[in-house]
């Protein structure tokens, strides 16, 4: 408690200041709070259990080979394609198609989302068209795209681009609209205008929504890739699926599913790296 003493010069009472307290800075927690050697295996626990159940079911005969080939058969098919060099060529062809389509669709969707989110005129010009694009299933456009662009690479890339432009537009639009107006006004007070305002203030604030859109676009691109590679293709995982259907090779079919899954993991890893480098503060979770 404070000690009250008389002051001969002021005739009043002095309040003696309390002694300063020694405060400790709380530790800044990053990551999930678990060692990496524990966290990384946990990410692969459920897929490992699924593979184990699949292996046991095929080995015991509970799952017939005609319905679902077992892991040894799939591994044999993998080694056959790898030794001939077809596997690398097919995987690279599918990856380049998906990457080109995603790059085009994400770029257009990002620009349109920023334009529509920043300007009322832009929303009036763009939003209705993009909502129509989102409402029409992109698989319904396959016959039209074949008639317009043929069955070469342009058809495949444009189909993937149309499949991915809608989610990127929607999430970018919402992210821009949810930026705090006070932050924008403060940035304008410091002299930021035009492209600098968008690049240095609005886009960083909308980045969580943009990266979520990118994750969704990469997942949808695999669906578009499957549809595109079923038509007029001599290279790619989709062409391998067609051959497996013709010859009733369930081991090749399962191998193609695994390859698509690995392609999805690669895309997800790219987004995770972007999230960690651009938004390191989002490493926290609500419940541990």
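General observations
- Summary value for the stretch 77-197: 37 percent relative contact order, contacts being C-alpha pairs under 8 angstrom separated by 6+ residues.
- Label point at residue 212 placed 7 Å out along Cα→Cβ; residues across the stretch 259-279 whose backbone nitrogen lies under 18 Å: 268, 271-276, 278-279
- Protection proxy ranking, peptides 138-144, 220-226, average beta carbon neighbours within 10 Å, highest first: 220-226, 138-144
- Label sites at residue 140 and residue 266, each approximated as a point 7 angstrom past Cα along Cα to Cβ, lie 3.3 nm apart.
Rule-based calculations on the coordinates, nothing more; no lab input. This one's a predicted model, so the numbers in the text were calculated from it and none came from an experiment. All Cβ positions, glycine included, derive from the backbone under ideal geometry; neighbour counts span all protein chains shown.
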